[in-house]
Amino acid sequence: MELNLDTPLSQLISVGKKREKDLEKLGLGRTEDILFFYPRRYLDLRNFKKISALVPFETASVKGNVLGREERNIRPRVSYLKVIISDGSGILPLVFFNQPYLKDVFLPGSQFFVHGRIDLYKGAFQVSNPLYEEDHPGRRDWLLPLYSLSGSLTQKYMRKLVKIVLASLREMPVEMFPLSERQDLGLSNIRFAIQNIHFPLSDMNLEKARNYLIFREFFMLQLNLLLNKKAEQSLPAGISTVMDRGLVKIFESFLPFKLTKPQKTVMEEIISDINDGKSIRRLIHGEVGSGKTVVAVFALWIIARAGGQAALLAPTEILAEQHYLNWQEFFLRQNINISILLGQMPEKDKENIRKSLEEGSTGVVVGTHSILTEKLLFKNLGMVVVDEQHKFGVGQREMLKQKGKNPHYMVMSATPIPRSVAMTLYGALDISTMGELPKGERKVVTYIFQRDEKEKIYTFLQDQSSLCRQGYVVTPSIDAGEDIESAVAECDRIKKRLPGVPVSLIHGRIPHAEKEKIMAGFRSGETRMLVSTTVIESGIDVPEASYIVIEQAERFGLAQLHQLRGRVGRSGDTGYCMLVVYEPEEGVMERLEEFANAQSGFEIAEIDLKIRGQGDLMGTRQHGIPPLRIGNIIRDLEILKSARNQAEKLFDKMTDEEIQEKFLGRRINEG
Ligand code: ADP
Ligand code: MG
């Protein structure tokens, strides 16, 4: 029977009703699905152990000759077949249930590879229902594909099915890359890749097949992302007037410092986008302290001066408060009304602010991320800037639509990840990277302490305090949020241990007005030490703070630790970061030591990615990326970069429609 890519699997003789259902559970309906149903892994038949060297309960492979067989019916309708194999070093019984026909497979004298768990039965080794494969002379297919299974499907059956499909297909999925490109990129071709991903005849062939298929997968992903991004950004923006590039200079003249080059560049990019009639969808990516807030303020400012409204959203109320305090005067001097809207403000105040936003008398509003989920009406919302948040998914898109006139949208993130990874995760966003730090490289030295060394820390805190230095002591968060009890307890300990040192406690449940007072006390230097939950994590900017002690550091992610560490050493003096480890489990110390030695967020992101893998990064479907079948955006970063390049080039040569049709539509026959 000849097959097309579209032939339903149920038309194959070897696929009955039951198997059709089992295959469906794996997402396999048509023959083409089989081609792209890659093995989970391969069993390398060259790696096997001597039977005499086996240990109980390990999963292992052996190779041996069939000595004999023994058949029995243990109960009605339960049959049992025992096959004895030997490799000269010992004998091993294989046990199969309800597969009487295997008697004719394991013929005495023939040689088999078997793979399975070595069980102990009545004091002797045996293997139940192992994987098996008959050896044959001149063998080259040493790598046996192992597939995901469901229901009654077996590895043997899956292998047979894939073989049948490959042998009977009269077409292949379209070859996306012309020969010259494949040569440049070192790619094999689709036919080779599909054949060898299932049945590789050498390690090198498998490597080539993987490379091709990973590249192809990334390439299609990037095309989709780029198409979506263009569609997203070409929506007419609510605010689109022609703006003068000179605005950057004017803005700078209002600031107490000169802008860094990256700050200027990003500001100019923002103006260009607006002048091009694009809807801004931009991720601004930069090391802690690279001065992203100023860029955000610039964006708010140009929109407000053009008669629109702008919102700045921070992850915590403390941070919103800080932005508001720092920039209130700037906006008021420009005759732009700025308001802050926080959950715990009196209802009457909130009502007034809502009204002023609805009427349009407030130009800039600062709040937390939750603002946009509230029933807030804007007269003319033209820009949303989100600080320290790392997602742009369906939720955000919907939210922007609902707020009326398609506002511009920017995200500021201090979690640097490799550029091509960012372009993939934030496919719909343009990316600006802010490299240079305005105050030069910060130096923070990081030390690791065990719990029983806390005395040393208290001594250090005492010293710092007598030198009039300020800093933070941070306690860990628990799953759902902050762990207030441990902050309270730590604060009590410090007060007892260091009497006379001005200490304040801050956490999310302290009433707003109180928090404001505490922060003000810390900013002024009156309070020397702030004991805090992770509410200080992102963005808090008190330049004088010189140390941070992080309790139970093993409970934090590296990116989070880096954020916290970024709170200190901002004044130009060396900052100190002290990690206190309570449970030094395996791997914890290595991870924290790597962290201590790494200075830049970029290095840390790489360490973090290595540890967590892409699963975590892409875990939530928030990013809107389809699950990858073979590629891994971290492990295969180089291929990702190259596929991204290739996809971008295509957009210079072809229209969106052509790309859609040629690469992403239903495939075209090969010949
Ligand atoms: P982040 O990128 O981590 O959000 P911030 O925006 O909080 O960084 O900036 C860190 C500090 O650097 C702030 O005190 C800010 O006022 C200051 N700053 C920003 N830009 C400049 C600049 N061009 N020159 C000097 N200081 C700057
Ligand atoms: Mg910031």
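Would it be correct to say that T459 is surrounded by 15 or more Cβ atoms within 10 Å (Cβ to Cβ), more than 19 Å from D573 (Cβ to Cβ) and modelled with pLDDT of 80 or more? No: the conditions fail for T459.
Note on the range 37-62: residues that are in contact with a Leu (Cβ under 8 Å, 6 or more places away or on another chain) and either surrounded by 17 or more Cβ atoms within 10 Å (Cβ to Cβ) or within 27 Å of N196 (Cβ to Cβ) (or both) amount to 14. Looking at this structure, is A193 closer than 26 Å to A605 by Cα, in contact with a helix residue (DSSP H, G or I) (Cβ under 9 Å, 6 or more places away or on another chain) and either charged (D, E, K, R) or at pLDDT 95 or above (or both)? Here the answer is no, as A193 does not meet what is asked. Select from the range 572-615 the residues that are at positive phi and within 24 Å of the chain's Cα centre (by Cα) and list them in ascending order. Residues satisfying the conditions are G587, G613. Considering the conditions (1) touching a residue at least 60 places away in the same chain (Cβ under 8 Å); (2) under 21 Å from Y42 (Cα atoms); (3) touching a Lys or Arg at 6+ places or on another chain (Cβ under 9 Å), N211 is excluded by exactly one of them, (3).
Scanning the range 291-322 for residues that are at pLDDT 90 or above, of a type outside the set (G, A, S) and away from ligand 1 (no atom under 16 Å from the Cβ) yields a count of 4.
What residue, among those in the range 295-340 that are of a type in the set (V, I, T) and farther than 21 Å from R245 by Cα, is nearest to the chain's Cα centre (by Cα)? Residue satisfying both the conditions and the ranking: T316.
For V242, the conditions (1) in a loop (DSSP other than H, G, I, E, B); (2) surrounded by fewer than 20 Cβ atoms within 10 Å (Cβ to Cβ); (3) modelled with pLDDT of 95 or more are fulfilled apart from (3). Candidates in the range 249-290 are the residues that are part of a loop (DSSP other than H, G, I, E, B) and at pLDDT 90 or above; of these, the one that is farthest from ligand 1 (Cβ to nearest atom) is I280. The single residue among E175, E171 that is in contact with a Gly (Cβ under 8 Å, 6 or more places away or on another chain) and not assigned by TED's automatic domain parsing to the domain that holds S61 turns out to be E171. So, P407, is that one outside the structural domain of L564 (by TED's automatic domain parsing) and modelled with pLDDT of 85 or more or not? Yes; evaluated as a whole, the condition is true for this residue.
Each row is one residue, and each column tells you yes or no for (1) in a helix (DSSP H, G or I); (2) hydroxyl-bearing (S, T, Y); (3) in contact with a Lys or Arg (Cβ under 8 Å, 6 or more places away or on another chain); (4) closer than 15 Å to T154 by Cβ.
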position	(1), (2), (3), (4)
S14	no, yes, yes, yes
D22	yes, no, no, yes
D33	yes, no, no, no
N47	no, no, no, no
F57	no, no, yes, no
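Within the range 278-300, restricting attention to residues that are more than 16 Å from ligand 2 (Cβ to nearest atom) and under 12 Å from M410 (Cβ atoms), the residue that is surrounded by the most Cβ atoms within 10 Å (Cβ to Cβ) is I280.
For L143, the conditions (1) without any contact (Cβ under 8 Å) to a residue 40 or more places away in the chain; (2) closer than 30 Å to S52 by Cβ are fulfilled apart from (1).
Do we have E232 as surrounded by fewer than 20 Cβ atoms within 10 Å (Cβ to Cβ) and either within 16 Å of ligand 2 (Cβ to nearest atom) or farther than 29 Å from D652 by Cα (or both) here? Criteria not met by E232. Considering (1) more than 14 Å from ligand 1 (Cβ to nearest atom); (2) part of a helix (DSSP H, G or I); (3) at pLDDT below 95, the lone condition that L325 does not fulfil carries the number (1). Based on this model, can you work out whether S524 counts as more than 18 Å from E388 (Cβ to Cβ), away from ligand 2 (no atom under 16 Å from the Cβ) and touching a Gly at 6+ places or on another chain (Cβ under 8 Å)? Answer is no for this residue. A single entry from I284, I250, I318, I280 fulfils the requirement of being over 30 Å from K443 (Cβ atoms), in contact (Cβ under 8 Å) with a residue 60 or more places away in the chain and of a type in the set (A, V, I, L, M): I280.
No other residue among I540, I536, I484, I510 is touching a His at 6+ places or on another chain (Cβ under 7 Å), β-branched (V, I, T) and at pLDDT below 90 apart from I484.
Conditions tested, residue by residue: (1) more than 16 Å from ligand 2 (Cβ to nearest atom); (2) crowded, with 18+ Cβ neighbours inside 10 Å.
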site	(1), (2)
F251	yes, yes
V266	no, yes
I271	yes, yes
D276	yes, no
I302	yes, yes
A314	no, yes
E321	no, yes
E329	yes, no
M345	yes, no
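Applying the set (1) buried (at least 22 other Cβ atoms within 10 Å of the Cβ); (2) within 16 Å of ligand 2 (Cβ to nearest atom) to E388 leaves exactly one unmet item: (1). All of R629, R635 fail the test of being at pLDDT 75 or above, closer than 28 Å to R555 by Cα and not in a helix (DSSP H, G or I), apart from R635.
The values are calculated or read from the model by the stated rules, or taken from the named source; none is laboratory data. In this text the structure is predicted, and so the values were computed from the model without any measurement. As a convention, Cβ positions derive from the backbone with ideal geometry for all residues, glycine included, and neighbour counts pool all protein chains shown.
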